[in-house]
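Single-structure report; data block below.
Where a number appears in this text, it was derived from the coordinates with a stated rule and is not lab data. Just so you know, these numbers come straight off a predicted model, no measurement behind them. In this analysis, Cβ positions are derived from the backbone assuming ideal geometry, glycine residues included, and neighbour counts consider all displayed protein chains.
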Amino acid sequence: MTGLRERQKAGRRRDILAAASQLFAKQGFADTSVEAIAARAEVGTGTVYNYFSSKGDLLMALVALDGEQVRAKGKRYIASVTSDAAEALYGLLAIYVDHSLVHLTKELWRNAMATALTQADSPFGLGYFENDRLLAEQVGELVAALQARNKLRADIDPTIAGSALFILVNGLFMHFVAQEKMPKTVLHARLRAQVALFVTGLAGETQPQRKRA
């Protein structure tokens, strides 16, 4: 019976999150009430509060779900990637970008980012930045894998390179969500170009600095 109850609880949690994702996307975060989420999920309002302490907690749960799913995709990608360094790194970061809008709209990301920045020491903020840390760590894993195949310089610290590449994509993504009308194609074009420039330094030989005339 315990296993059945746990499955039922997990099912209700998924239903609540699905309802929240749908209503947030349709009505916006501010205009969606917990009562409306409960009605869409076909549970009582009290049941929603049994699983999530607030509407913000629901948003953080969606961010966390996005992080879990995209890291799983990234893990599979790293295990199978065969392309050159620039294309491999772009491909992983492109997965992050594309998956980011599965559960969350641009408006929801703006809310999540603002909450994380203004409440950095809250459970929401800590969870948000922990997700970023894990993604940056995964990019570092890909850098290390490319180094092992002699696709990148061996003297580069993969953890630092992974962090720098994640900061690159994170900055581009923040600009993307801030501009409601910016298409994802523009984000991808900028990402590909900047990763290619970054990898030029990671892959090339160290060159002596030229003396100024």
Q | Listed residue (GLY140, THR45, ALA30) projecting farthest to the positive dipole end of the chain, Cβ model | A | GLY140
**Q.** Filter on LYS9/LYS106; LYS55/LYS106; LYS26/LYS55; LYS26/LYS106; LYS55/LYS75 - keep pairs with C-alpha separation over 21 Å
**A.** LYS9/LYS106; LYS55/LYS75
Q. Any idea how far apart GLN119 and ALA148 come out in nm if each label point goes 7 Å out from Cα toward Cβ?
A. 4.0 nm
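Please give the contour-minus-distance gain from ASP31 to GLU107: 0.36 nm per residue of separation, less the Cα-Cα distance, rounded to one decimal in nm.
Numbers: separation 76, 0.36 × 76 = 27.36 nm, distance 1.19 nm.
Gain on stretching ASP31 to GLU107: 26.2 nm.
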Q: Just order 40-48, 27-35, 82-90 by mean Cβ neighbour count inside 10 Å, highest at the front, would you?
A: 82-90, 40-48, 27-35
Q: Determine the gain in length on full extension of the stretch LYS73-ARG7; use 0.36 nm per residue of separation and subtract their C-alpha separation, reporting nm with one decimal.
A: 21.3 nm
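Report the gain in length on full extension from ILE95 to ALA39: 0.36 nm times residue separation, minus Cα-Cα distance, nm rounded to one decimal. Intermediate results must be reported in sequence, preceding the final value.
On the way: separation 56, 0.36 × 56 = 20.16 nm, distance 3.31 nm.
Full extension from ILE95 to ALA39 adds 16.9 nm.
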Q.
At R0 = 41 Å, how high is the FRET efficiency between SER54 and VAL186 if r is their beta carbon distance? Nearest 0.05 is fine.
A. 0.75
Q. Between rounded, prolate and oblate, where does the stretch 89-144 land on the alpha carbon gyration tensor, with a ≥ b ≥ c its root eigenvalues, rounded for a/c under 1.5, else prolate if a/b exceeds b/c?
A. oblate
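Which of rounded, prolate, oblate describes the stretch 1-111, given a ≥ b ≥ c as roots of the alpha-carbon gyration tensor eigenvalues and a/c under 1.5 marking rounded, otherwise prolate only if a/b is larger than b/c? Working shown, then result.
Working: a/c = 3.63, a/b = 1.69, b/c = 2.15.
Cα axes put the stretch 1-111 in the oblate bin.
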(Q) Under 14 Å from a point placed 7 Å out from the Cα of MET174 along the Cα-to-Cβ direction: which residues of the stretch 122-153 have their backbone N that close? (A) 129, 132-133
Q: Report which label in [x] 17.4, 61; [y] 20.3, 81; [z] 16.5, 50 holds the value of Rg and Dmax of the Cα atoms in Å derived from the coordinates of this structure.
A: [y]
